[in-house]
Amino acid sequence: MRIRNAAVVTGVAAALLAAAPASAKTFKYAFQGVLSTLEPYALNETFTLGTLGNVYEGLVNRDKELQIQPALAESWEILSPTKWRFHLRKGVKFHNGNDFNADDVIFSADRVRSKGSDLTTRMGADVKIVKIDDYTVDFELPSPNPILNYEWEDWYILDKEWTEEHGAVSVTSASDTSPNFAALNANGTGPYKVVSHEAGVKTVFEKNENYWGKIEGNADTVEFTPIAQDATRVAALLSGEMDLVYPVPVQDIPRVDGNEGTRALTGPELRTIFLGMDQRRDELLYSDVKGKNPFKDIRVRKAFYQAIDEGAIVKKVMRGLATPSALMISPFMFSRSGEFERYPYDPDASRKLLAEAGYPDGFSVGMDCPNDRYVNDEAICQAVTAYLARVGIKVDLNAQPKAKYFAKILASGNYDTSFYLLGWTPNSFDAYNVLSSLMNCRDDSGEGSPFNNGGWCDEEVDELTAKVLVENDKETRDNMIYEAFKKANDNVYYIPLHQQGLAWGVADDVEVAQRADNILKFRYVELKD
């Protein structure tokens, strides 16, 4: 590996160095956001869940190509359309030495569906889990679900005994200010253990020498450091301080590629970036319009859509590293996505629609946006603000770190938002996840579609979603998905913007697997001598 810092080592330090294993290898990486918690059910966010996926495991895993593979369940079978049987892997131990068994699965199923969990969509509340023996569990469903385990890579299994022992049965949600033991410590079955964790500063992992599976890479220790500033993050890579950083700002990709010893890894990501609007409240929390909610009027929603020049955002803000989207899902995951088109950018039409809706002079509205979660997220929001200003909409932009942002706009923060930017990757890599998580009705507590932050409700979309879940015929299922997406598109319930691209900066002496879901798996990291 490259020598990062040269120093004269003498005396005791030299003796310690000589005693260290010659082959020990440390992998250092940086991301724009922080790992704010070690609680695996606190936040349904790709970076948090992906990072914890190196420590915890689900019954299933996904490989480099995102294909489902056995994990803590070595096999499974469908006994009937409403009963699945999972055969658990024997001989697996948690990092503290406790044995993994069926009791941990049942405990984790109850906990992931409990109050405070942000992952309640992983399993229906009416699914019953039955212990057949210590290494066999049945999942009894109220109706058929051919994709039951599609979202289970990041439904991580916790050690029942450890969690109860440390008083961490209740989930610490994203908005809680008093973290419990499981938010500050970790005890999984995965290929890496957490050695130390300082939220917002550094998290250190080390290889689990007793891991039941295969670790393809050779990183003995992994150090994660959050670096929010783009320039600082890229500089850390170019100087050799970091082995990998992401995301790399699109304007810095040529610089990373042109630097001796580093390269840029780019590719399409499955994440869709979109705008949402509060369509549930009778009066917006953050607006000068009183006594009514302008977003309940389709003309206002469409006016916002047509006021935004997404083509220019892709070209100028994203520097071409994004693809404009007409849907809330990547075209790689829905065969009929090509049948949809974006509403055209037309500020004149936007002004006309606003006037027809009773807002000829526009109005003001608050907008929530993260500034350390998605590629150029704050810059996108600033561009949206500028475009809306041209048609008379004054946006009060509230851009803040993702920890505060998610705690505000999600169910745990009582959906405290009027207008927001969000990104979504369906972790099942199937359209049903988008429909059920983002596009169904919900109540004020989030029951229903918990990430439908705007709270819009269309019972026809709900009915189609329920049918999609149980339908086995692909053509029939795709037709249902098409109708649901068309309904949402025709009514402008959301404003899809684009699928962002992946951009990682990597040292030449490091090999990694760049998955299309933007998750970094330590087990694939190979550090060259």
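Considering only protein heavy atoms and a 1.4 Å probe, what is the carbon-and-sulfur percentage of the accessible area of the chain? Here it works out to 48 percent. With respect to the chain, whose longest principal axis is taken over its alpha-carbon atoms, helix 377-389 is tilted by about 10°. Residues whose amide H falls under 5 Å from that of GLN400, counting only those 5 or more places apart or on a different chain, are CYS369, ASN371, with hydrogens built in the peptide plane. Backbone geometry of region 85-90 corresponds, through the Karplus equation with coefficients 6.51, -1.76 and 1.60 at θ = phi - 60°, to 3J(HN,Hα) couplings of 10, 10, 9, 7, 6, 8 Hz, x marking Gly and Pro.
In percent, rounded to a whole number, the relative contact order of region 371-501 is 16, using alpha-carbon pairs under 8 Å and six or more apart. Globularity index of region 230-297 is 1.93 (Cα radius of gyration / 2.2 N^0.38 Å, N = number of residues). Sticking with the crude label model, points 7 Å out along Cα→Cβ, report the distance from GLU216 to LYS467 in nm, one decimal please. If labels sit at GLU216 and LYS467, their model points lie 4.1 nm apart.
Tell me, what is the per residue accessible area of the chain in Å², probe radius 1.4 Å?
Ligands and nucleic acids excluded, the result is 40 Å² per residue.
Listed values for region 129-139 are Karplus-derived 3J(HN,Hα) couplings in whole Hz (6.51 cos²θ - 1.76 cosθ + 1.60, θ = phi - 60°), namely 10, 10, 7, 7, 7, 4, 10, 9, 9, 10, 10, and x replaces Gly and Pro. The helix-only estimate of mean residue ellipticity at 222 nm for the chain, built from DSSP H runs of length n ≥ 4 each weighted as -39500 (n - 2.57), is -7000 deg cm²/dmol after division by the residue total.
So, with +1 on the Cβ of K and R and -1 on the Cβ of D and E, and no other charges, what is the size of the charge dipole of region 154-201 about its Cα centre, to the nearest 20 debye? Mind dumping the intermediate values first?
Numbers: 2 positive and 7 negative charges, 21 e Å.
So the dipole magnitude of region 154-201 works out to roughly 100 debye.
Heavy-atom accessible area with a 1.4 Å probe sorts THR385, THR177, THR262, largest first, into THR177, THR385, THR262.
Cα centroids of region 117-135 and region 53-71: 18 Å apart.
Helix 347-356 axis versus longest C-alpha principal axis of the chain: approximately 60°, rounded to the nearest ten.
Overall, the anisotropy analysis places region 302-414 in the oblate class: the square-rooted eigenvalues a ≥ b ≥ c of its C-alpha gyration tensor yield a/c not less than 1.5, with a/b not exceeding b/c. Considering only C-alpha atoms, what is the centroid distance from region 173-194 to region 276-337, in Å? Rounded to whole Å, the Cα centres lie 35 Å apart.
With the simple model of a label 7 Å out from the Cα in the direction of the Cβ, THR82 to ASN479 spans 2.6 nm. Its residue count N sets the reference 2.2 N^0.38 Å, and the alpha-carbon radius of gyration of region 104-241 equals 1.29 times that reference.
In the calculated pair-distance distribution of region 27-127, the portion above 16 angstrom amounts to 67 percent of the Cα-Cα pairs. For region 178-250, the dipole from Cβ point charges (+1 on Lys and Arg, -1 on Asp and Glu) about the Cα centre works out to 180 debye, to the nearest 20. With θ taken as phi - 60° and the Karplus curve 6.51 cos²θ - 1.76 cosθ + 1.60 applied, the whole-hertz 3J(HN,Hα) list for region 66-72 is 6, 7, 5, 10, x, 9, 5 Hz, x standing for glycine and proline.
Taking the DSSP bridge list for the chain and keeping only pairs wholly inside it, about 75 percent are antiparallel. Over all projection directions, the Cα-based convex hull of region 185-339 averages an area of 15.1 nm². Rounded, prolate or oblate: which one fits the chain, using the alpha carbon gyration tensor with axes a ≥ b ≥ c (rounded when a/c is under 1.5, else prolate when a/b beats b/c, else oblate)? Judged from the Cα gyration tensor, the chain comes out oblate (a/c at least 1.5, b/c at or above a/b).
Is the C-alpha gyration tensor of region 375-529 telling us rounded, prolate or oblate? Criteria: a/c under 1.5 is rounded; beyond that, a/b larger than b/c is prolate, otherwise oblate. Verdict is oblate for region 375-529. Short-range pairs are left out: with C-alpha atoms under 8 Å and at least six residues apart, the relative contact order of the chain is 20 percent. With a simple spin-label model that places each label point 7 Å from the Cα along the Cα-to-Cβ direction, the separation between GLU65 and LYS394 comes to 5.6 nm.
The angle between the Cα long axis of helix 102-112 and the main principal axis of the chain comes to about 30°, on a 0 to 90 degree scale.
The values are calculated or read from the model by the stated rules, or taken from the named source; none is laboratory data. Only a predicted model underlies this, so the values are computations on that prediction, with no experimental measurement involved. Please note: Cβ atoms are built from the backbone with ideal geometry, for glycine as well, and neighbour counts cover all protein chains shown. For the accessible areas, the whole protein counts, side chains as well, though only heavy atoms, and no ligand, DNA or RNA atoms are used. Shrake-Rupley method; radii C 1.70, N 1.55, O 1.52, S 1.80 Å.
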